[in-house]
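These notes are about the structure you will find just below.
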Amino acid sequence: MRVYVPLTLPGLAEAHQAGELGPAPLRAYAVTPGLREWYVSDDIEELEYAALGRAAAASLRMIAEDAAAPRTRVVVALDVADGTATPAPGEDEDEAALGRVALADAVRLAVAAAVHVDADDAREDVAAAARALAAADGGDGGARSVVDGAEDHELLWFGVQEIPGLLK
């Protein structure tokens, strides 16, 4: 099962130094029954892309909470054994919980499938989205548009061996 762990660049640096993503329980996103029902697709690639998008949105929230974090979304993709990821409670009632899972154990970073990171040209839009997030959550349509502007940026794919270069 592929899961997507949202991080910030400082969080990625910590994981790189420790050699693992943790501590447990580790929040991640995956193709869950609730996400399948919400997205209404049987195409696993589309569903995994939706889970990656949910993780990118969670990364944006982490950035908004950490004023010192660079305005760059980070998501680590991992393949874990089926049954290792437990869906979040309330997924059926809460759209914000769609696709959210918990991993009971820390995961070695070396087994990660990929790291997804914003390109440099996304920073301004991600910074603006982080500032607008609270207003968007409150129903402000203009702020929601700003947040959507960050979501329009595709995350780039990097191999785990490229993490040191991402942290410079």
Given all pairs of distinct Cα atoms, the chain yields a Kirkwood Rh in Å of 16.1
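Work out which helices of the chain, taken as complete DSSP H runs, extend at least 27 Å along their axis over the Cα atoms and score a mean Kyte-Doolittle of -0.5 or more, then list them.
44-65
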Footprinting proxy, Thr84, Thr32: sorted fewest to most Cβ within 10 Å, the residues are Thr84, Thr32
Note: Arg36 to Leu156 extended length (0.36 nm per residue) minus current alpha-carbon separation gives 40.8 nm
Multiplying the sequence separation of Leu167 and Thr86 by 0.36 nm and subtracting their Cα-Cα distance, what value in nm do you get? 26.1 nm
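With +1 on each Lys and Arg Cβ and -1 on each Asp and Glu Cβ, and nothing else charged, work out how big the dipole of the range 2-115 is about its Cα centre, in Debye to the nearest 20.
Magnitude of the dipole: close to 520 debye.
Every number in this text was worked out from the coordinates using simple rules, so none of it is lab data. None of these values were measured; they are calculated from a predicted model. Methodologically, a virtual Cβ is constructed for each residue, glycine included, from the backbone with ideal geometry; neighbour enumeration extends over all protein chains shown.
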